[in-house]
Amino acid sequence: MPELPEVETTRRGLEPHCVGHRLLCLRVREPRLRWHVPVTDPPRVAGARIHSLDRRGKYLLFRLEAGTTILMHLGMSGHMRVVRPGQALKSHDHVDFELDSGELLRFNDPRRFGSLHITEDPPEQHPLLSRLGPEPLGDEFSGHYLHQVAAKRRVGVKNLIMDSHVVVGVGNIYATEALYLAGIHPTRPAGRIARQRYDRLVGCIRAVLEEAIEAGGTTLRDFSGADGVPGYFQQTLHAYGRGGQPCGCCGRRLKEIRLAQRSTVYCPRCQR
C-alpha cells in the first residue's frame, strides 16, 4: 500500500505538471472505486485552474480556483503518472485528469480501493480528513504531544503510532523502522514510555520518513512515482522484512511476530 512517503513522492512528481494549468475535464472510465465516482464533471471542475497540489496524510488535494478541491486516495495498489495524449491505456487505468498543457494525470488502480471525492467546502472539514491526527513532519507532532496522547494507554506503542487519529501516515514499514532505531519494543504499553524516549521516537519517525521521501518511497509490490520510477528506500531497511536475520547493532537474530494482523520485526536485545 502506498504510504506517506510514496504519496508525497507522487505529489512532488505531479506538482510541476499540473499546478498553474487548467483542468479541462476528468475522464472517468471506471467509476466503481472504493466509493462511486461521478462520471459527469461538477460545474466548478471543468476548465478550473489548479492553484496547488497538497497532501494530507495519504490523500492528495488538488485545490482548484473558486474553492473546489479534488481529494485523491491511491488505495492499496493505486498510482498516478504523467502521460502524453494518445498514450495507450493499460489495464486498470480508471481516471484521467486532462490538462490544458496536453498532458494527462492518469490514475491506475488494480484493486479499486482508491477514491476520488470533489468538495466545495474546506477540505479540512471533509469527513475523511476532519478527524486525522497531525502530520508527522509538522510542528504539531512532538515528543510532548505523543507522551500526552499515550498517557494511561495500555495499547502497544506500535499500534499507537499507526493510529491515524494520533498521527497520520506512519505505516507498518516506517513504524517498524522508527521503533528499531529508537530502541523501543513495539509491544511496550504506550503509557509506560518516558517523555525522553518519545522525543527520540518522534525524531526517528521524522528521519525515517524524510529518508524514504528522498529515496522516492519504498517499493515492495506496486509502488512507483509519478515518473514511473520505483522507490529505493527498501534497500536501507534495518528491520522490516528482515525477521531471522542478524541485528545490525548487536548481531542477535531479529524476531518476527504479528501485531494487529501485520508483520512486526524487532531486536529482542536492543529494543525494550
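FYI, it's all coordinate maths here, none of it is from the lab. Quantities reported herein were computed from a predicted structural model and do not represent experimental measurements. Because the Cβ atoms are built from the backbone with ideal geometry, glycine has one as well, and the counts that use them run over all protein chains shown.
Relative contact order of the chain, please, whole-number percent, based on alpha carbon pairs below 8 angstrom and at least 6 residues apart.
Dividing the mean separation by the residue count of the chain yields 18 percent.
Of CYS270, CYS250, CYS25, how do they rank once you tally other Cβ atoms within 10 Å and put the fewest first?
CYS250, CYS25, CYS270
For the range 83-138, state which trypsin sites (Lys or Arg not before Pro) are in a DSSP loop and have at most 14 other beta carbons lying within 10 Å of their beta carbon.
The qualifying sites are LYS90, ARG111, ARG131.
Could you list ASP199, ASP109 in order of exposure, starting from the residue whose Cβ has the fewest other Cβ atoms within 10 Å?
Sorted ascending by nearby Cβ count, the order is ASP199, ASP109.
Run the numbers on the range 1-115 and let me know its relative contact order in percent, using alpha-carbon pairs under 8 Å that are six or more apart.
RCO, the range 1-115: 31 percent.
Going highest first, how would you order 46-52, 242-248, 114-120 by mean Cβ packing within 10 Å?
Output ranking for 46-52, 242-248, 114-120: 114-120, 46-52, 242-248.
Sort 3-16, 66-79 by packing, meaning the average of other beta carbons within 10 Å per residue, with the highest value first.
3-16, 66-79
Place a point 7 Å from Cα of HIS238 in the direction of its Cβ. Which residues in the range 166-200 have their backbone N less than 14 Å from it?
Residues 174-186, 200 qualify, since their backbone N sits under 14 Å from the label point.
Around THR236, under 11 Å between beta carbons, what's the net of Lys plus Arg minus Asp minus Glu among the other residues?
Here the charged neighbours net out to -3.
Give the cross-link partners of LYS255 among the aspartates and glutamates, using a straight C-alpha distance below 15 Å as the criterion and excluding same-chain residues fewer than 8 apart.
Of all the aspartates and glutamates, those that pass the test against LYS255 - Cα under 15 Å, at least 8 places apart if same chain - are GLU177.
When Lys and Arg each count +1 and Asp and Glu each count -1, what net charge do the other residues less than 15 Å away from CYS247, Cβ to Cβ, add up to?
Residues close to CYS247 contribute a combined charge of +4.
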